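Below is one structure, written out as structure tokens; the observations come after it.
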Amino acid sequence: MEVYTAMRHFADSWGLLAMALFFVGSVLFVLRPGAKRQAQEAASIPLKED
């Protein structure tokens, strides 16, 4: 049971911090200045004919 307790403590402290940083990084990546053009290009991929 000691391994479970250690993993639970890690997830409660550093795991939460890692997930929060990942979320903030993802939001900043999507909202960066050049993202609109790339998002429009990706959205039009299914409509392109080969």
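Read the figures in this text as sums done on the coordinates, not as results from a lab. The model shown is predicted, which means the values in this text are computed figures rather than measured ones. Heads up, the Cβs are rebuilt from the backbone with ideal geometry, glycines too, and the neighbour counts pull from every protein chain shown.
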- Rounded to one decimal in nm, the spacing of the 7 Å Cα→Cβ label points at Leu28 and Asp12 is 2.9
- Task: Return the calculated 222 nm mean residue ellipticity for the chain, to the nearest 500 deg cm²/dmol, obtained by summing -39500 (n - 2.57) across DSSP H runs with n ≥ 4 and dividing by the residue count.
- Result: -20000 deg cm²/dmol
- Angle between the chain longest axis and helix 16-30 axis [Cα atoms, degrees, rounded to 10]: 10
- Message: As an exercise, find the ratio Rg/Rh for the chain from alpha-carbon atoms, using the Kirkwood inverse-distance average for Rh.
- Response: 1.36
